[in-house]
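The values are calculated or read from the model by the stated rules, or taken from the named source; none is laboratory data. What you see is a predicted model; the values in this text were computed from it and never measured. Here the Cβ positions follow ideal geometry from the backbone for every residue, glycine too, while neighbour counts run over all protein chains shown. Just so you know, the surface numbers come from the protein's heavy atoms only, side chains and all, with ligands and any DNA or RNA stripped out. Shrake-Rupley method; radii C 1.70, N 1.55, O 1.52, S 1.80 Å.
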Amino acid sequence: MARINDSYLKLKAGYLFPEIGRRVSAFAQANPDAKIIRLGIGDVTEPLPQACRDAMVLAVHDMGDRSKFKGYGPEQGYEWLREKIATQDFKARGCDIDASEIFISDGSKCDCGAILDILGSDNRIAVTDPVYPVYVDTNVMAGNTGDMNDKGEYDGLVYLPITAENDFTAAIPTEKVDLIYLCFPNNPTGATATKAHLEAWVAYARKHGSIILFDAAYEAFIQDPDMPHSIFEIEGARDCAIEFRSFSKNAGFTGTRCAMTVVPKSLKGKTKDGQDVELWGLWNRRQSTKFNGVSYIVQRGAEAVYSPEGQAQTKALIQFYMENAKIILDRLTAIGISVYGGTNAPYVWVKTPQGLSSWDFFDKLLSVCNVVGTPGSGFGAAGEGYFRISAFNSRENVNEAMDRIEAKFKA
Ligand SMILES: *Cc1c(COP(=O)(O)O)cnc(C)c1O
């Protein structure tokens, strides 16, 4: 019989969101009249910007016109989109990134997993705790870890705790690691990194020859003008970092699918016998072989984000979600609940009140307020005692959820 990839069997069976779904549907079945408000899963709720929709409609017409019809596009993405990204997302912020270093894809989640194709299997890998589960699970699938221990951690990974005590920014490790996953603004904690913090990581990575895998999916939510949006704003990052970006959260493309990965041409890794190799060439080869590009229509939609109308509309979209975050922050603070994040990110990271565990608070919030959030412990052991509330929702739902929490949890 054919062999399977045994590493898949190491994966935690009851993954976070299925378990949330199970508890919510059990509650809904027992309480059919309860009006449940979901502030859990990190998906956007507001419609696509008009500029993106208009551009996609035009692109559909192109596809019906023999002279403009497009078949396979470049695996790396269309030049007109990559140029706009290089100019407006990177060069405008002082980052030395060329259009040829930007690879358009159908999602950052896929790219975060796919990047492991071009990296070795004996790297020492660090993740924060709590963490976006995709970084961990893709390494488990790739066979880069051992089994899971009692704490829910995989042998072979280095976990860097991020808690209120360290301002949700991990201490730079004292030991050498080869790969580091960083996500700023952070999912799930909503924390951001100062320029000084990213400089310390870049200095560490350059000293040890490590690579930083930097997830900037939430960069557009940064309100503070001094916060870096890209790892490439840090001097020297071209030699030690790959950056993942997405249109999912800034332009509501979670269901439309478009993202990008930036691999600088100056970034190198080592072969087994110690030779330096440029990663750009490997990623280009990987994408050309295993990927066939993002649809022309969708890339035209993403391009419209960079038009003046698109810029204004995405900015308004982000402001809308950030006002939700402010309502959540202000109203929870007013009733004496400790909250973090939510000022440069669409997530509010709540210290569970009354010393409740993450899952006990989840159950209580569900049964007493009929509000769904995400237990912090689902993102890692150090997330225990925390809870994630998402600002991705309608204003009406956010206000209603806060009214209910205020009524039941007011000290
Ligand atoms: C939403 C999100 C992404 C974006 O993923 P896509 O596949 O592009 O939709 C990437 N990283 C994190 C941490 C996210 O929360």
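Values for this structure:
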quantity: Residue tally, condition within 16 Å of the ligand (Cβ to nearest atom) and either assigned by TED's automatic domain parsing to the domain that holds ALA382 or outside any strand (DSSP E or B) (or both), over region 174-188; calculated: 5
quantity: Residue check, GLY355 within 17 Å of the chain's Cα centre (by Cα) and at positive phi; calculated: no
quantity: ILE125 within 16 Å of the ligand (Cβ to nearest atom), open to solvent by less than 50 Å² (accessible area, probe 1.4 Å) and β-branched (Val, Ile, Thr); calculated: no
quantity: In region 82-112, residue nearest to ALA251 (Cα to Cα) [restricted to those that are assigned to a helix (DSSP H, G or I) and within 10 Å of the ligand (Cβ to nearest atom)]; calculated: SER108
quantity: Unmet criterion (only one of (1) away from the ligand (no atom under 14 Å from the Cβ); (2) open to solvent by 60 Å² or more (accessible area, probe 1.4 Å); (3) in contact (Cβ under 8 Å) with a residue 40 or more places away in the chain) for ARG257; calculated: (1)
quantity: Qualifying residue in region 265-288 (condition: at pLDDT 95 or above, under 24 Å from GLN50 (Cβ atoms) and not hydroxyl-bearing (Ser, Thr, Tyr)); calculated: no
quantity: Test: residue in region 192-205 that is touching a residue at least 60 places away in the same chain (Cβ under 8 Å) and either more than 16 Å from the ligand (Cβ to nearest atom) or among the hydrophobic types (A, V, I, L, M, F, W, C) (or both); calculated: no
quantity: Restricting region 60-110 to residues that are more than 21 Å from the chain's Cα centre (by Cα) and of a type in the set (Asp, Glu), the residue that is least open to solvent (accessible area, probe 1.4 Å); calculated: ASP62
quantity: Residue within region 29-36 that is on the phi < 0 side of the Ramachandran plot, part of a helix (DSSP H, G or I) and among the hydrophobic types (A, V, I, L, M, F, W, C) present; calculated: yes
quantity: Residues of region 113-122 satisfying the condition of being under 18 Å from ARG238 (Cα atoms), in a helix (DSSP H, G or I) and open to solvent by 20 Å² or more (accessible area, probe 1.4 Å); calculated: ILE118
quantity: The listed residue being of a type outside the set (A, V, I, L, M, F, W, C), in contact (Cβ under 8 Å) with a residue 24 or more places away in the chain and more than 25 Å from TYR321 (Cα to Cα), out of GLU79, GLU46, GLU75; calculated: GLU75
quantity: Failed condition for GLU165, given (1) in a helix (DSSP H, G or I); (2) modelled with pLDDT under 95; (3) within 16 Å of the ligand (Cβ to nearest atom); calculated: (3)
quantity: Single unsatisfied condition, ALA191 versus (1) in a helix (DSSP H, G or I); (2) touching a Gly at 6+ places or on another chain (Cβ under 7 Å); (3) open to solvent by less than 60 Å² (accessible area, probe 1.4 Å); calculated: (1)
quantity: Exclusive hit being surrounded by 15 or more Cβ atoms within 10 Å (Cβ to Cβ) and either touching a residue at least 60 places away in the same chain (Cβ under 8 Å) or away from the ligand (no atom under 16 Å from the Cβ) (or both), set ASP137, ASP150; calculated: ASP137
quantity: Any chance GLY293 is within 16 Å of the ligand (Cβ to nearest atom) and not hydroxyl-bearing (Ser, Thr, Tyr); calculated: yes
quantity: Qualifying residue in region 169-176 (condition: touching a Ser or Thr at 6+ places or on another chain (Cβ under 8 Å), within 23 Å of LYS12 (Cα to Cα) and not basic (Lys, Arg)); calculated: no
quantity: Residue count for region 215-254, restricted to those that are more than 9 Å from the ligand (Cβ to nearest atom) and either among the hydrophobic types (A, V, I, L, M, F, W, C) or outside any loop (DSSP other than H, G, I, E, B) (or both); calculated: 17
